[in-house]
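Below is one structure, written out as structure tokens; comments come after it.
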């Protein structure tokens, strides 16, 4: 029986001599029974309220013992039967899973543990920045992962067009994702949620959303030409079908250059010439200055930018980007990206001296693309939008 004292006696007996050794006794208390449940109350980014029910008084025990453990915190609370059975643990780490165990004690002997693993809510992403191209949208995000946990994300979109369905994907340990085959003349709302913990201890952050507009299908494309052994010339139009102000007023244009389209670097925040110039093959970098906007006066319809015409031996303190010389006898790819005041970017296709480039890969442009299609969101009743 549980919570009972048993005495075991052992001695050696010789059948031939009919003698026995002195008896040795062993006293052992069996563990008590626990019938309590442990369950969370209110949870936040940095606090967990934990509760437990009363164990059946028909089963003998003296006190309760509640243990709480994290990487740097280990707390044990011994509680009387009639003590408060609700506790709040503060100053916790967002997105971290904490381990709780509850015991009943009888004369210092513990029952089996009742276990609960509970995760504090993760922080939501600190930014969600889209880059829109012909028929695609790449979303970039940052997160403050204080717990250093594996991060999963639920990323999806809805549209304002009832003819089109939304999509949702689940991603793991990446910071960007690309949706393809998107429609023109449509508004898209992208939403991302951070998920940490596993199983019953899974916890989700608040969601972050951004709404973007795709205007009509572009009718122009950039034209790239050689301008010398170490320079290129790119001409592009202020095409409102690409650089639409439905996504906010345009503040600057980036001339993006790359030698190898498969190398990482084509992010929302671009690398500079100084960061890539010593690499064997150059990833994407920004050649134009941070405030470059040839259409500021509102009258200019097209612009030409000469790539590789600056001396970048000395770095300027007031400008992170530089338009340094290109390598001779090397093929480059160039595209134009506009940044709006709403932190929405819109870009052209890649161009080469041989024409436009079909940008691959399709799907996720992720460093470690662990992705699961979760759902197709049903048809929606949304407002019509005129472009």
Q.
Going through 267, 254 one at a time, which residue ends up being assigned to a loop (DSSP other than H, G, I, E, B) and either under 30 Å from residue 118 (Cβ atoms) or at pLDDT 95 or above (or both)?
A. 267
Q: Give the residues of segment 151-163 that are modelled with pLDDT under 90 and within 9 Å of the chain's Cα centre (by Cα), sorted by residue number.
A: none
Q.
Of the conditions (1) assigned to a loop (DSSP other than H, G, I, E, B); (2) at pLDDT 85 or above; (3) surrounded by fewer than 13 Cβ atoms within 10 Å (Cβ to Cβ), residue 304 satisfies every one except a single condition; which number is it?
A. (1)
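Residues checked against (1) at pLDDT 95 or above; (2) more than 16 Å from residue 233 (Cβ to Cβ):
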position	(1), (2)
334	yes, no
341	yes, yes
345	yes, yes
360	no, yes
371	no, yes
Q.
For the condition touching a strand residue (DSSP E or B) at 6+ places or on another chain (Cβ under 9 Å), in the same structural domain as residue 309 (by TED's automatic domain parsing) and outside any loop (DSSP other than H, G, I, E, B), what is the one hit in 246, 261, 182?
A. 246
Q: Kindly establish whether residue 293 is surrounded by 15 or more Cβ atoms within 10 Å (Cβ to Cβ) and not in a loop (DSSP other than H, G, I, E, B).
A: no
Q.
Please pick out the residue among 67, 37, 63, 97 that is in contact (Cβ under 8 Å) with a residue 24 or more places away in the chain, surrounded by 12 or more Cβ atoms within 10 Å (Cβ to Cβ) and touching a helix residue (DSSP H, G or I) at 6+ places or on another chain (Cβ under 6 Å).
A. 97
Q: Considering every residue within segment 189-206, establish whether at least one is farther than 30 Å from residue 43 by Cβ and either outside the structural domain of residue 307 (by TED's automatic domain parsing) or modelled with pLDDT of 95 or more (or both).
A: no
Q) Does segment 211-233 contain at least one residue that is touching a helix residue (DSSP H, G or I) at 6+ places or on another chain (Cβ under 7 Å) and either assigned to a loop (DSSP other than H, G, I, E, B) or outside the structural domain of residue 129 (by TED's automatic domain parsing) (or both)? A) yes
**Q.** Residue in segment 106-117 that is within 25 Å of residue 52 (Cα to Cα), in a strand (DSSP E or B) and touching a helix residue (DSSP H, G or I) at 6+ places or on another chain (Cβ under 6 Å) present
**A.** yes
Q) What about residue 59, is it part of a loop (DSSP other than H, G, I, E, B) and in contact with a strand residue (DSSP E or B) (Cβ under 9 Å, 6 or more places away or on another chain)? A) yes
Q) If only one of 104, 119, 138, 88 is buried (at least 20 other Cβ atoms within 10 Å of the Cβ) and under 14 Å from residue 68 (Cα atoms), which one is it? A) 119
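The values are calculated or read from the model by the stated rules, or taken from the named source; none is laboratory data. Values in this document were obtained by computation on a predicted structure and should not be read as measured data. Backbone-built Cβ (ideal geometry, glycine too); neighbour counts: all protein chains shown.
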